[in-house]
């Protein structure tokens, strides 16, 4: 049998819902590398609501303003299977995985 490369979905280590991604809003710059990296469509890009901007650090507010308040969101967080591809893909190191 030939050595076949693992697909992205094959890298997932847990059943859906055991882990959830956590986004550090002070680090996320909305570059969106997590969106195509995730084999389970957990992420999408959007604009951070004004009501959530007050909780950011000074640096987080500067980054947010500079990037048009664009950030990653997780409308499908329960589908996360802890493959870690989003963590590896994020250039700002804004994503971690946490037990649900």
**Item:** Scope the stretch 77-90; condition modelled with pLDDT of 95 or more and within 15 Å of residue 45 (Cα to Cα); matching residues
**Value:** 86, 89, 90
**Request:** Considering every residue within the stretch 40-53, establish whether at least one is surrounded by 14 or more Cβ atoms within 10 Å (Cβ to Cβ), closer than 15 Å to residue 100 by Cβ and at pLDDT below 95.
**Result:** yes
**Prompt:** For the stretch 61-99, what are the residues that are free of Cβ contacts under 8 Å to residues at least 40 places away in the same chain and surrounded by fewer than 13 Cβ atoms within 10 Å (Cβ to Cβ)?
**Reply:** 62, 65, 66, 68, 75
**Request:** Enumerate the helices (runs of 4 or more DSSP H) found wholly within the stretch 48-100, keeping only those where 2 or more residues are within 19 Å of residue 12 (Cβ to Cβ) and out of contact with any strand residue (DSSP E or B) (no Cβ under 6 Å at 6 or more places or on another chain).
**Result:** 85-89
**Prompt:** When you scan the stretch 14-25, how many residues do you find that are modelled with pLDDT of 95 or more, in a loop (DSSP other than H, G, I, E, B) and surrounded by fewer than 17 Cβ atoms within 10 Å (Cβ to Cβ)?
**Reply:** 1
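The values are calculated or read from the model by the stated rules, or taken from the named source; none is laboratory data. Please read these numbers as outputs of a predicted model, since none were measured by experiment. Quick reminder, even Gly has a Cβ in these numbers, built from the backbone with ideal geometry, and neighbours come from all protein chains shown.
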